[in-house]
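The values are calculated or read from the model by the stated rules, or taken from the named source; none is laboratory data. Please read all numbers here as calculations on a predicted model, not as lab measurements. Here the Cβ positions follow ideal geometry from the backbone for every residue, glycine too, while neighbour counts run over all protein chains shown.
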Amino acid sequence: MKRIINAQQSRFFCTECGKENIMVFRSRGKRREAGHLKKLYCPYCKEERNCAEISNKNDYTYERFLEEFNNHCFVNGERIRRAKV
């Protein structure tokens, strides 16, 4: 089993239903940009959907995701625009 040193926890939220999906630990070399979209299976939608990644190491927060979600910035799982900060 490979040891992960300096791993960060990332939370994923479905861009279709807005609910929290799984948590993933990423090592230092595998970190992604703020608000990265990753295709994951959503247990609530029962389909594979794009999920927005939120970690404590960047400026993309859960509140920012909610703002984008509520302002319909996601269409068919893709981000069409960013929410104004």
Subset of segment 10-28 [surrounded by 14 or more Cβ atoms within 10 Å (Cβ to Cβ) and farther than 21 Å from residue 71 by Cβ]: 10, 24, 26
In segment 29-53, residue surrounded by the most Cβ atoms within 10 Å (Cβ to Cβ) [restricted to those that are out of contact with any strand residue (DSSP E or B) (no Cβ under 8 Å at 6 or more places or on another chain) and touching a residue at least 12 places away in the same chain (Cβ under 8 Å)]: 34
Enumeration of residues in segment 17-76 that are within 29 Å of residue 6 (Cβ to Cβ) and polar (S, T, N, Q): 21, 27, 50, 55, 56, 58, 61
Sole residue being farther than 14 Å from residue 19 by Cα and of a type in the set (Val, Ile, Thr), chosen from 54, 80: 80
Count of residues meeting criterion [under 15 Å from residue 19 (Cα atoms) and either at pLDDT below 85 or surrounded by 14 or more Cβ atoms within 10 Å (Cβ to Cβ) (or both)] in segment 59-77: 8
